[in-house]
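**Q** Here's a structure for you.
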Amino acid sequence: MNTIALIPLFPLLSAAVLMMSTGRMPRQIAAIVGAGSVGLSAICVAILASDFLADGQVRELTLWTWMSVGDFAPRIAFYIDGLTIVMMSVITGVGFLIHLYSIEFMWDDESICRYFTYMNLFVAAMLLLVMADNLLLLYLGWEGVGVCSYLLVGFWYKDPANGAAARKAFIVTRVGDTAMALGLFLLLTELGTLDIQPMMVAANTQWQTGDALPVLATALLLGGAVGKSAQLPLHTWLPDAMAGPTPVSALIHAATMVTAGVYLIARTYGLFLLAPPTMEAVAWIGLATLLLAGFTALAQNDIKRILAYSTISQIGYMFLALGVGAFASGIFHLMTHAFFKALLFLAAGAVIHCLHHEHNIFRMGGLRTRLPIVFLSFFIGSAALAALPFTSGFYSKDAILLSAWALEDIGPWLWAGGLLGALLTSIYSFRLVFIVFFGEAKTEPDRQPGWKMAGPLLLLCVLSVVGGWFALPLANVFPVADDHTVNHAVEWISIGTPVVGLLLAYLMFLGGQLSVDKIVASSSARSLRDFWFSGWRIDQLYETLWVTPYKKTSYWLRNEPVDAIYNSIVSANQWAHHRLLVLQNGELRWYATTMVLGIILLLAVMLRNAP
Amino acid sequence: MDGLMVPMEHVLVIAGLLFVCGLFGLMLRRNIIFMLMSLEVMLNSAALAFIAAGAHWGQADGQIIFMLILTVAAAEVAVGLGLVLQIQRRFKTLDMDQANRLRG
Amino acid sequence: MMLELILLLFAGGVVAWQSERLDPNLPRWIAMATVALGLLLLLSTISGIPAETFELVTDPSDGESWLLYSRHEWIPRFGISLEFGMDGLSLLMLILTLALGAIAIVSSWNEIEFKPGLFQANLLWTLTGVIGVFLALDLFLFFLFWEVMLIPMYLLIAIWGHENRGYAAMKFFIFTQVSGLLMLLSIIVLAIQGSSHGDISFSYGDLLGNAPTGKAGMLTMLGFFLAFTVKLPGFPFHTWLPDAHTQAPTAGSVLLAGILLKTGAYGLLRFCIPLFPEASMQFAPVAMTLGTLGIIYGALLAFAQSDFKRLVAYSSVSHMGFVLLGLYAWNSLALQGAIMQMVAHGVSTAALFMMAGALQHRLHTRDMNRMGGLWYNAPRMGACAMFFVVASLGLPGLGNFVAEFLVLAGLFAVSPWMTAVAALGLITAAVYSLWLMQKTFQGKPDEDRKLQDFDHREMSAMVIMMAALIWLGLYPQPVLDLTQPVLEGLQPLVTNVPATLAVNIPGGAP
């Protein structure tokens, strides 16, 4: 059978097998099936990628026609080009490492079988998302990963807070998904197809650049991307989604699913190029998100929430790249981010695992000597996140900033904003490193990570360093960006900013030359910190704007106001019944009298009409 | 006009008066026995009118109908008195305003 | 075959009723055997029809072009005959009816202790009525079956229902009966006015294209519309549904949600719109608005409920709004979507009601505030519930998504704004579905609670329904192919379809 079809099939089959075992499978076998299936997929991807790199041919595979109504006939079909290969490699490669790590992390959990079911299902759905040849199949994967994310965030279902976080994640992204569905309807109605490649061709012939329809269509697609990739204004679900197990956060909420929005825009770039206003909106959304999340991350004290906000912020960079038309840079940053953010999350998971589920960074400290492998991983990850020179993050972020600078009119503004973001990134990531790994120990670790944890960490360390030198096979996917010569001063500033951030972080959180306590001593600074800590009060805003009115409305309506109409008919009948009941009084004389009166009345009428 | 000595109108007026008497008795009396008697009066007033009419036109029909009414009245009294006995037993009264169990 | 099928189910009911004298366990086996025999009869008949016949476009006014057609004189003086016809749409509905009938019998296997024979008899008689509705082509006969299906259902609720059954059954009966009488009035008006030969005729084929025009046409159409919308149920005629569902026994809920609601949609598609094309399309904006309102309103109210069955009932109101939208958008995509929704909703909601029944049977409550963390006690139930909940919120890959997508995609060509509002239903569906999951299976478990997990009988029913939804979601083509010729026959009847924006709507109006 074709390798392409096998790639999503392995995890899907494994999920089915694990599901049918209904938790009765021994955990060793469950772990082997769960992680092994993703490993097999990764091998298939590697074979496919090497074939692809050898000949550069786009591969297509149609399995069957999904449904066919009139001219609308979406297929279950795959389209493999350079972009898909990159995404598939990230998903299966990083995915396999995270699965391996999960075996140790989740070993003591009673429902490890259920865990691997969801994880495998997620990998399958994510693969379908990136391999889909039409937007409908992409939407299948899109919603599929959403549901898996819901299931995994709420994995520890016994705590209602986890359930709430899971629901929030699903519903907020569903808002975006609905916009995206409307975009699909618009594209289908106007262009007559949802197959991505023919659709982009049709769009180019049917629409002019800047027409209203492509702007509307791309804006709706952007809605979906914004929801899934946790960008403003739909980013609020991601920090809460950290309620899931940490490997889940690494795989879904850092490396793969949240970057699906970036993938969507890159995949349909042909449409976005027809809509310059949307492109600009993408760039501004990215910039606003990366700054907002950067400031928020500075004030957090939960290790996973810091990483969550940093993910939001980094995806903001990817959006910025897409918005300025540097699609390849955006995807490049997506890949490097997948490496170093997965590394950071797994390292954080190791910290949490070894410190009895401690999340608060101020109750950690001094772990540098106690958990050396974790420290190394965390340090490399943070360096890449902060884009220190010669790490993978440096190359990708640098490319984005330079592309932003090169844009006319708004370019320098975007660049300056991105630079401020880079400074923030550097500060908050090293704040984390210094507080958690230096200073005096506040909690003693009770175990060391085993090889199943350490192995993936070390491999990801390597990838986070060398990832910047990968040449992605994206040349034939996106239009070639013209080589712009860049002002060298700009380049030096871009390189220097993270280093400045590192120094600032050192002075504030390790050296003690700049005291944070002094800064936040004033009440205005403290309220600013609280403001950032709450994520700019956006959650509260949505609570009052949407959630409370929705709950109130449904509470008011709960007793079925429409029934009042029918009940009023019933009441009217009952009222008439009681009034008429007086006539039925059981008295014989009354009956006789009314009868006589009736006869008289009848006679009178008849006689009146008589001639 | 052969068989009838009194004028037709007189008989009809008497019959009408009797009928009205019976009717008012029915509507106003509370005692079931009086109500039955009032009914009898009304029946007989109608019968009287038939007799008069039969005599007036010299036809047998009036008398035939009179016989019929007589039978009906007898049957009615038989049933009615049975009911009266039952009512007396159940309600310990013959006041029909007390026996209004069929009210809604 | 068609008359035989109806008689078979009716006779099965009588036998099941009487058999309880021999053994109280006998009726359910007889009921099961009857439904199985019916299914066998149906399948053996359609296997006798040459395959290419299924692809021929059905001309609704020509009996010979139906897959199966039979006509016997009944009351010739008034032009009433025993006229039955089966096309792809009826066939699909029959399969759904019999399959869900079997599921309904399974779902109340151990539940009924009082007069089990009469219970199974009423179940089978309801099926008899429903099958009659799906097959009858004579409007008088159709009305007869419409009433036949009502009475046993009333008895099911009134005798075997829960605490407030009298009220619920009466409400159900009055709503359906009043609207049914309006339809009878319309049928008579149509039969007298509309016949092409000058004589009175109740035959569907004769009446097509002969509807009164103008105001009279609108009023006559409204008679049909009301009857079908009450049954569907469309907003604002839905209020009988939550009560009926909540109080009905499990099998009753399964039948009600799975099949009876579909007769309303079927009636709209088969009778209301084709018989009154002009009036219907004038009325379409109103109907679509009702559909949209139903989607949002049902979802809002579903979220506010604490009774498991009531929540699912309101979700039905929400889902059936999509059917109303799809039918009145009247292009291939939307119509196919509406039909898909009928099938997929039938399966997914039947499963949820079965779940509700199983929970009530075990916990003796439907109040979700008294549940929570049930996954811990019964993981298999939890997994099944999760599956059907995500199906009902429209997860792609499952049948309901195909339905909702096709409806909305078709509707978009007709009315983008209406689509945008209706699409909000996708969000609200997620809100109440996940809330249901949270309140019942997630949350803090009561570790001492003894909750028997699904046994093999229940599990196999669930697995069959899951497989059906996955199949409908990933390869709905057989269903679409079955109904496509029917729609191609019906669509030309309506000439004044709503204006469309599109340059090239696939399969849309010419």
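The values are calculated or read from the model by the stated rules, or taken from the named source; none is laboratory data. The model shown is predicted, which means the values in this text are computed figures rather than measured ones. Note: ideal-geometry Cβ built from the backbone for every residue, glycine included; neighbour counts use all protein chains shown. Accessible surface areas use protein heavy atoms only, side chains included; no ligands, DNA or RNA. Shrake-Rupley method; radii C 1.70, N 1.55, O 1.52, S 1.80 Å.
**Q** Just name the residue that is surrounded by the fewest Cβ atoms within 10 Å (Cβ to Cβ) out of those in segment B:11-37 that are of a type in the set (Gly, Ala, Ser) and more than 13 Å from chain A (Cβ to nearest Cβ).
**A** B:GLY16
Here's the yes/no breakdown for (1) at pLDDT 90 or above; (2) part of a helix (DSSP H, G or I); (3) open to solvent by 10 Å² or more (accessible area, probe 1.4 Å):
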{"residue": "A:LEU287", "(1), (2), (3)": "yes, yes, yes"}
{"residue": "A:ALA308", "(1), (2), (3)": "yes, yes, no"}
{"residue": "A:THR311", "(1), (2), (3)": "yes, yes, no"}
{"residue": "A:GLN314", "(1), (2), (3)": "yes, yes, no"}
{"residue": "A:ALA347", "(1), (2), (3)": "yes, yes, no"}
{"residue": "A:ARG368", "(1), (2), (3)": "no, yes, yes"}
{"residue": "A:SER377", "(1), (2), (3)": "yes, yes, no"}
{"residue": "A:LEU385", "(1), (2), (3)": "yes, yes, no"}
{"residue": "A:PHE390", "(1), (2), (3)": "no, no, yes"}
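Every residue, every condition in (1) within 14 Å of chain C (Cβ to nearest Cβ); (2) open to solvent by less than 10 Å² (accessible area, probe 1.4 Å), yes or no:
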{"site": "A:ALA46", "(1), (2)": "no, no"}
{"site": "A:ASP51", "(1), (2)": "no, no"}
{"site": "A:ASP55", "(1), (2)": "no, no"}
{"site": "A:LEU97", "(1), (2)": "no, no"}
{"site": "A:TYR101", "(1), (2)": "no, yes"}
{"site": "A:PHE116", "(1), (2)": "no, yes"}
{"site": "A:PHE122", "(1), (2)": "yes, yes"}
{"site": "A:LEU128", "(1), (2)": "yes, no"}
{"site": "A:LEU140", "(1), (2)": "yes, no"}
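**Q** Just to verify a result, which residue in segment A:485-505, among those that are closer than 17 Å to A:TRP413 by Cα and open to solvent by less than 40 Å² (accessible area, probe 1.4 Å), is modelled with the lowest pLDDT?
**A** Selected residue: A:VAL486.
**Q** Of all residues in segment A:160-169 being facing chain C (nearest Cβ under 7 Å) and open to solvent by 10 Å² or more (accessible area, probe 1.4 Å), which is nearest to the chain's Cα centre (by Cα)?
**A** My answer is A:ARG167.
**Q** Restricting to segment C:187-207, what's the tally of residues that are modelled with pLDDT under 75 and under 17 Å from C:PRO60 (Cα atoms)?
**A** 3
**Q** Which residues, taken from segment A:76-99, are more than 20 Å from the chain's Cα centre (by Cα) and among the β-branched types (Val, Ile, Thr)?
**A** Answer for segment A:76-99, where residues must be more than 20 Å from the chain's Cα centre (by Cα) and among the β-branched types (Val, Ile, Thr): A:ILE76, A:ILE80, A:ILE85.
Residue-by-condition table, conditions (1) within 14 Å of another protein chain (Cβ to nearest Cβ); (2) acidic (Asp, Glu); (3) surrounded by 21 or more Cβ atoms within 10 Å (Cβ to Cβ):
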| position | (1), (2), (3) |
| --- | --- |
| A:GLU60 | no, yes, no |
| A:GLY70 | yes, no, no |
| A:ALA73 | yes, no, no |
| A:PHE78 | no, no, yes |
| A:LEU83 | no, no, yes |
| A:THR92 | no, no, yes |
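Yes or no, residue by residue, for (1) surrounded by fewer than 24 Cβ atoms within 10 Å (Cβ to Cβ); (2) more than 7 Å from every other protein chain (Cβ to nearest Cβ); (3) assigned to a helix (DSSP H, G or I); (4) in contact with a strand residue (DSSP E or B) (Cβ under 9 Å, 6 or more places away or on another chain):
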| residue | (1), (2), (3), (4) |
| --- | --- |
| A:GLY146 | no, yes, yes, no |
| A:PHE155 | yes, yes, no, no |
| A:LYS158 | yes, no, no, no |
| A:THR178 | yes, no, yes, no |
| A:PHE185 | no, no, yes, no |
| A:THR193 | yes, yes, no, yes |
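**Q** Continuing with this model, one more query. Taking the condition assigned to a helix (DSSP H, G or I), modelled with pLDDT of 90 or more and open to solvent by 10 Å² or more (accessible area, probe 1.4 Å), does C:VAL347 pass?
**A** yes
**Q** May I ask you to list the residues in segment C:37-52 that are surrounded by 14 or more Cβ atoms within 10 Å (Cβ to Cβ) and either over 21 Å from the mean Cα position of the chain (by Cα) or within 20 Å of C:PRO116 (Cα to Cα) (or both)?
**A** Within segment C:37-52, C:LEU37, C:LEU41, C:THR45, C:ILE46 qualify.
**Q** Okay, moving on. Which numbered condition in (1) within 18 Å of A:LEU322 (Cα to Cα); (2) in a helix (DSSP H, G or I) is the only one that A:GLU408 fails?
**A** (2)
**Q** Scan the helices (runs of 4 or more DSSP H) fully inside segment C:222-330 and keep the ones with 1 or more residues being at pLDDT below 90 and open to solvent by 10 Å² or more (accessible area, probe 1.4 Å).
**A** C:277-304
**Q** Which of the residues that make up segment A:1-23 are touching a helix residue (DSSP H, G or I) at 6+ places or on another chain (Cβ under 9 Å), more than 17 Å from C:ALA378 (Cα to Cα) and not in a helix (DSSP H, G or I)?
**A** Passing the criteria: only A:MET1.
**Q** Determine which member of the set A:TYR542, A:TYR566 is assigned to a helix (DSSP H, G or I), within 25 Å of A:THR236 (Cβ to Cβ) and open to solvent by less than 90 Å² (accessible area, probe 1.4 Å).
**A** A:TYR542
**Q** Restricting to segment C:17-73, name every residue that is among the small types (Gly, Ala, Ser) and over 17 Å from C:ILE103 (Cα atoms).
**A** C:SER19, C:SER44, C:SER47, C:GLY48, C:ALA51, C:SER61, C:GLY63, C:SER65, C:SER70
**Q** A follow-up question, please. From A:TYR555, A:TYR550, which residue is of a type in the set (Ser, Thr, Tyr), within 10 Å of another protein chain (Cβ to nearest Cβ), out of contact with any Asp or Glu (no Cβ under 8 Å at 6 or more places or on another chain) and open to solvent by 70 Å² or more (accessible area, probe 1.4 Å)?
**A** A:TYR555
**Q** Still on this structure, I have one more. Within 10 Å of another protein chain (Cβ to nearest Cβ), surrounded by 11 or more Cβ atoms within 10 Å (Cβ to Cβ), part of a helix (DSSP H, G or I) and under 51 Å from the mean Cα position of the chain (by Cα): does that describe A:TYR591?
**A** no
**Q** Considering only residues of segment C:410-423 that are facing chain A (nearest Cβ under 7 Å) and under 17 Å from A:GLY224 (Cα atoms), which is most open to solvent (accessible area, probe 1.4 Å)?
**A** C:ALA420
**Q** Within segment C:375-409, which residues are aliphatic (A, V, I, L, M) and either more than 20 Å from C:ASN331 (Cα to Cα) or surrounded by fewer than 24 Cβ atoms within 10 Å (Cβ to Cβ) (or both)?
**A** C:ALA378, C:MET381, C:ALA383, C:ALA385, C:MET386, C:VAL389, C:VAL390, C:ALA391, C:LEU393, C:LEU395, C:LEU398
**Q** Also, quick follow-up: A:LYS228 passes all but one of (1) surrounded by fewer than 24 Cβ atoms within 10 Å (Cβ to Cβ); (2) in contact with a helix residue (DSSP H, G or I) (Cβ under 7 Å, 6 or more places away or on another chain); which number fails?
**A** (1)
Residue-by-condition table, conditions (1) polar (S, T, N, Q); (2) over 29 Å from the mean Cα position of the chain (by Cα); (3) open to solvent by 30 Å² or more (accessible area, probe 1.4 Å); (4) modelled with pLDDT of 90 or more:
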residue: A:LEU407; (1), (2), (3), (4): no, no, yes, no
residue: A:GLY417; (1), (2), (3), (4): no, no, no, yes
residue: A:LEU420; (1), (2), (3), (4): no, no, yes, yes
residue: A:LEU423; (1), (2), (3), (4): no, no, yes, yes
residue: A:VAL436; (1), (2), (3), (4): no, no, no, no
residue: A:ALA441; (1), (2), (3), (4): no, yes, yes, no
residue: A:TRP451; (1), (2), (3), (4): no, yes, yes, no
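**Q** Let me ask something additional. Can you spot a residue in segment A:551-558 that is part of a loop (DSSP other than H, G, I, E, B) and under 30 Å from C:SER306 (Cα atoms)?
**A** yes
**Q** Taking A:PRO233 and the conditions (1) surrounded by fewer than 21 Cβ atoms within 10 Å (Cβ to Cβ); (2) closer than 22 Å to A:PHE478 by Cα, which numbered condition does it fall short on, given that it satisfies the others?
**A** (2)
**Q** Mind checking which pairs have a first residue in segment A:436-459 that is on the phi > 0 side of the Ramachandran plot and a second that is modelled with pLDDT under 85, Cβ under 6 Å, 6 or more apart or different chains?
**A** Going by the 6 Å Cβ cut-off, the qualifying pairs are A:GLY439/A:GLY365; A:GLY439/A:GLY366.
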